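Here's the structure, in structure tokens; my notes come after.
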Amino acid sequence: HNGFGGFRMQIGQANNMIRYDHRTAARFTAVTVFLFGIFIALFLLHLFLYLYYRTALSNLYFSIFNLSFAISFYLSFVGRFTTSPQTQLTNSFIGLIIAALACFSFSGSANSLFSKKKLRFRIITALSVLFPILCYLHIGDVGEMLLVLICLVLLEAIFLTISAMIRKVKGARIIGFGILF
């Protein structure tokens, strides 16, 4: 959960603190709105690609991945400017669900592009579903569980991408450099 829970205090000269807060808020807003827009555009692009060519399931997974990033930027924007502790706590929980969704969709995208075996994807899917449930029930350390899930997904994507590049799968180099980046 957010360490501030809707309350934050700083000490300094009022005029300097107001200017500093205004500048940081403006920069934060510009960056988050820009990144939100980029990821929404990528979400829509890949969703339309999937709707046009439904056999390319990787586009659906990648559109969900981009949507999860867009939502995470939106949540960080709301979290930055809200003064409600309940909104902060709700944002934190929704953020965990979005992180699990990003892990699921990134794994799905990599698997649909480069793997015929789906066991790893099924395991990641089960962990992605289990993670928010464990968080809701307050079972285990949320940060460590999320870090393990993210590391598993990244290792899987790197493994699948490099093996596809070695096997010279068509388009693996271009997509692989994007995934590895």
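So which of PHE177, PHE114 ends up being under 22 Å from ALA56 (Cβ atoms) and in contact (Cβ under 8 Å) with a residue 40 or more places away in the chain?
After applying the criteria, what remains is PHE114.
Output yes when any residue across segment 135-146 is under 14 Å from PHE106 (Cβ atoms) and exposed (fewer than 11 other Cβ atoms within 10 Å of the Cβ), and no when none is.
No, segment 135-146 has no match at all.
Go through (1) part of a helix (DSSP H, G or I); (2) more than 29 Å from ASN91 (Cα to Cα); (3) open to solvent by 60 Å² or more (accessible area, probe 1.4 Å) for VAL129 and report which single condition fails.
It is condition (2) that VAL129 fails.
Of everything in segment 91-121, what is surrounded by 23 or more Cβ atoms within 10 Å (Cβ to Cβ) and part of a loop (DSSP other than H, G, I, E, B)? Give them in sequence order.
Those that are surrounded by 23 or more Cβ atoms within 10 Å (Cβ to Cβ) and part of a loop (DSSP other than H, G, I, E, B): none in segment 91-121.
List the residue pairs whose Cβ atoms are under 9 Å apart, where the first residue sits in segment 74-85 and is under 20 Å from ARG23 (Cβ atoms), the second is open to solvent by less than 70 Å² (accessible area, probe 1.4 Å) and outside any helix (DSSP H, G or I), and the two are 6 or more positions apart or on different chains.
So the pair list comes out as GLY79/ASN2; THR82/GLY6; THR83/GLY6.
Say we look at segment 147-181 and pick out the residues that are among the small types (Gly, Ala, Ser) and assigned to a helix (DSSP H, G or I); which of these is nearest to SER128 (Cα to Cα)?
Out of the qualifying residues, it is ALA157.
Based on this model, can you work out whether ALA172 counts as open to solvent by less than 40 Å² (accessible area, probe 1.4 Å) and in contact (Cβ under 8 Å) with a residue 60 or more places away in the chain?
For ALA172, the condition - open to solvent by less than 40 Å² (accessible area, probe 1.4 Å) and in contact (Cβ under 8 Å) with a residue 60 or more places away in the chain - is not met.
Collect the residues in segment 26-66 that are open to solvent by 50 Å² or more (accessible area, probe 1.4 Å) and either under 16 Å from ILE94 (Cβ atoms) or small (Gly, Ala, Ser) (or both), keeping them in residue-number order.
Those that are open to solvent by 50 Å² or more (accessible area, probe 1.4 Å) and either under 16 Å from ILE94 (Cβ atoms) or small (Gly, Ala, Ser) (or both): ALA26, ALA30, PHE36, ALA41.
The values are calculated or read from the model by the stated rules, or taken from the named source; none is laboratory data. Keep in mind that what you see is a predicted model, and the values were worked out from it rather than measured. Methodologically, a virtual Cβ is constructed for each residue, glycine included, from the backbone with ideal geometry; neighbour enumeration extends over all protein chains shown. When the accessible area is computed, the model is the full protein with side chains, heavy atoms only, and any ligands, DNA or RNA have been set aside. Shrake-Rupley method; radii C 1.70, N 1.55, O 1.52, S 1.80 Å.
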